[in-house]
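Student: Dropping the structure in here first, questions after.
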Amino acid sequence: MIDPFGRRIDYLRVSVTDRCDFRCKYCMSENMTFLPKKDVLSLEELELVSAAFIRKGVRKIRITGGEPLVRKGIMELFRNLGLYIKSGELDELTLTTNGSQLEKYAGELYDAGVRRLNVSLDTLDPYRFQDITRWGNFEKVRAGIRAAKEAGLKIKINTVALKGFNDHEFNDLIKWTGEEGMDITFIETMPMGAIDEHRSDQYLPLSEVKKEFSASWTLTPSQYRTGGPSDYFDIKETGGRVGFITPLSHNFCESCNRVRLTCTGMLYMCLGQQDSADLKAVLRGQNGFAALDAAIDEAIGRKPKGHDFVIDRKSDDRPAVPRHMSVTGG
Ligand code: SAM
Ligand code: SF4
């Protein structure tokens with residue numbers, strides 16, 4: 001699949017639920033309203049759409065959410081999509097998780113064919129962890145990370161950079177991930193969906209953070225590429241890698257290779273734009289796989305050049321897109 005700007009689209013992110021067992025302050029409000037179950041694609045439907053994308057050349061699928069591992073029966077989807085890894089039709093099946101259920105599922109994920117995953121962790125302090133996630137349990141996540149390592153899964157930590165919250169912990173996080181043999185990526189907050197706080201209070205441009213890191217760490221641009229938006233640097237002192245996802249201070253859209261399926265079957269061609277294609281309607285219609293393939297082609301033909309994210313006082317904290325990251329899948 002080639003989009004109108006000549007970019008090859010070979011990466012699909014699939015949000016399997018908008019529900020979550022945490023309420024991270026930058027992601028959701030505490031009394032978040034979730035979608036009615038009937039609007040959410042069944043596991044079979046999620047697999048059918050994923051299979052259509054694989055037929056059209058997708059080589060990498062990331063399962064996300066909400067919290068993907070709280071969806072009932074989710075291991076069935078991992079096992080079934082894992083068969084495409086075994087047949088060579090897919091290069092990678094991975095997930096982004098808050099880690100709360102990893103202790104339970106790490107072994108099964110490995111058996112299904114998952115080899116790498118991203119765990120989101122914004123602080124190493126259990127009290128601050130509880131504060132930012134509202135409902136999370138730090139020890140459970142640490143146990144999940146340990147279990148994933150023991151199962152043979154390679155872990156990358158995702159940390160949202162939040163001004164006045166975790167900026168004093170970045171060096172500790174780099175040190176810890178280095179010791180644990182994990183990479184770490186820092187992410188700027190993106191203006192997605194209404195939350196209880198002011199985003200302009202939380203926003204920390206990573207271009208500044210990167211400059212400060214250079215005082216403590218020897219960073220050299222890494223050869224490592226994931227095809228993703230992250231800029232990676234090798235860290236001489238730890239032997240690990242640090243990545244920066246900077247949608248606001250540096251636009252990463254030129255090399256975008258991905259589209260996102262929500263748990264309701266909407267295909268978003270860009271995280272930061274509203275245009276979408278309703279694949280659920282096509283899937284639940286009468287016209288079979290050919291109609292699904294045609295709907296995907298038509299949607300890829302509408303992929304926009306880039307996002308319009310901006311966070312400043314003038315934007316009045318209005319989200320650039322009204323949907324939450326947990327709906328589109330981060
Ligand atoms: N629940 C899983 C987790 O937390 O890893 C997967 C879904 S979560 C929406 C995916 C990623 O998006 C997490 O790393 C989270 O920190 C990040 N995220 C959520 N809201 C965000 C926002 N407004 N700006 C930037 N990153 C955000
Ligand atoms: Fe849940 Fe992930 Fe959003 Fe936190 S960032 S509330 S863990 S979906």
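Student: Which residue is nearest to ligand 2 (Cβ to nearest atom), if the candidates are limited to the range 63-86 and must be crowded, with 21+ Cβ neighbours inside 10 Å and of a type in the set (A, V, I, L, M)?
Tutor: Per the criteria, the residue is L69.
Student: Can you confirm whether the range 116-137 contains a residue that is within 20 Å of I63 (Cβ to Cβ) and surrounded by fewer than 18 Cβ atoms within 10 Å (Cβ to Cβ)?
Tutor: yes
Student: Whether any residue in the range 32-51 is surrounded by fewer than 21 Cβ atoms within 10 Å (Cβ to Cβ) and within 9 Å of ligand 2 (Cβ to nearest atom) is what I want to check.
Tutor: yes
Student: Check A106 against each of (1) modelled with pLDDT of 95 or more; (2) crowded, with 23+ Cβ neighbours inside 10 Å; (3) within 16 Å of ligand 2 (Cβ to nearest atom) and name the one condition it does not meet.
Tutor: Going through (1) modelled with pLDDT of 95 or more; (2) crowded, with 23+ Cβ neighbours inside 10 Å; (3) within 16 Å of ligand 2 (Cβ to nearest atom) one by one, A106 breaks only (3).
Student: Please count how many residues of the range 2-31 are of a type in the set (A, V, I, L, M), crowded, with 17+ Cβ neighbours inside 10 Å and more than 23 Å from D196 (Cα to Cα).
Tutor: 4
Student: So if I check each of T185, T177, which one is crowded, with 20+ Cβ neighbours inside 10 Å, touching a residue at least 12 places away in the same chain (Cβ under 8 Å) and assigned to a helix (DSSP H, G or I)?
Tutor: Within the list T185, T177, the selection yields T177.
Student: Looking at (1) modelled with pLDDT of 95 or more; (2) in contact with a Ser or Thr (Cβ under 7 Å, 6 or more places away or on another chain), which is the only condition K60 fails?
Tutor: Here K60 clears every test but (2).
Student: Say whether the condition of being under 30 Å from Q274 (Cα atoms) and in contact with a strand residue (DSSP E or B) (Cβ under 6 Å, 6 or more places away or on another chain) is met by at least one residue in the range 137-150.
Tutor: no
Student: Now for a different question. Go through the residues of the range 176-192 one by one and say whether even a single one is farther than 28 Å from L109 by Cα, of a type in the set (D, E, K, R) and within 16 Å of ligand 2 (Cβ to nearest atom).
Tutor: The answer is yes, given that some residue of the range 176-192 is farther than 28 Å from L109 by Cα, of a type in the set (D, E, K, R) and within 16 Å of ligand 2 (Cβ to nearest atom).
The values are calculated or read from the model by the stated rules, or taken from the named source; none is laboratory data. The shown structure was predicted, so the numbers you read here are calculated from the model rather than taken from an experiment. When we count neighbours, we look across all protein chains shown, and the Cβ atoms used for this are built from the backbone with ideal geometry, even at glycine.
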